[in-house]
1. What is the gain in length, in nm to one decimal, between residue 55 and residue 157 on full extension, counting 0.36 nm per residue of separation less the C-alpha to C-alpha distance?
2. Report, in degrees rounded to the nearest 10, the 0 to 90 angle that the Cα long axis of helix 4-16 makes with the longest principal axis of the chain.
3. Over the chain, what is the percentage of antiparallel beta bridges among all DSSP beta bridges, to the nearest 5?
4. Let me understand region 23-145 better: what is its radius of gyration from the alpha carbons, and its Dmax, in angstrom?
5. When only C-alpha pairs under 8 Å and at least 6 residues apart count, what is the relative contact order of the chain, in percent?
6. Calculate the translational D of region 37-105 in whole µm² s⁻¹ from Stokes-Einstein, where the hydrodynamic radius comes from the Kirkwood formula applied to all Cα pairs, the temperature is 25 °C and the viscosity 0.890 mPa s.
7. Can you compute the equivalent ellipsoid semi-axes for region 73-143, i.e. the square root of 5 times each eigenvalue of the Cα gyration tensor, sorted largest first and rounded to whole Å?
8. Would you calculate a helix-derived [θ] at 222 nm for the chain, using -39,500 (n - 2.57) for each DSSP H run of n ≥ 4 and dividing by the full residue count, to the nearest 500?
């Protein structure tokens, strides 16, 4: 028993050190977000941020140009006219946290997503162009973008 206790303590410290460090949103991220939003011209398009989660089927956050991310809506895509970019490339979730210029419209309908037991606005996608594959963080920390983390909270900025 005397030999087991030090070994258990050592294992506890070793395992605690294996956890990935938390990457928080920085003032530079907020400044980059503000600059990007300020530079968006009004028009008949939307800005979308892919929010891939293994257990859920919603597509991501969508907002009007010039609006902050905290006003965005978590949407379900209607892909009758155009497939989502990751589905089009047969690589579901490969574009997690990518930012897009989207064309399409809100149908006015709500779509049920069973894993979250919630309804989300339906966005009929007609086009998508990548804006960034390394966009500034719109969440308080990077863990929110982890596909395995079952966290669904709106962007804070």
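1. 34.2 nm
2. Helix 4-16 sits at roughly 20 degrees to that axis.
3. 90
4. In Å, with Rg to one decimal and Dmax whole: 14.0, 40.
5. 27
6. 195
7. Computed over region 73-143, the values are 20, 17, 12 Å.
8. Taking each H run of at least 4 residues, the total per residue is -5500 deg cm²/dmol.
Any read-out appearing in this document is the output of simple, stated calculations on the displayed coordinates, not a laboratory observation. The shown structure was predicted, so the numbers you read here are calculated from the model rather than taken from an experiment.
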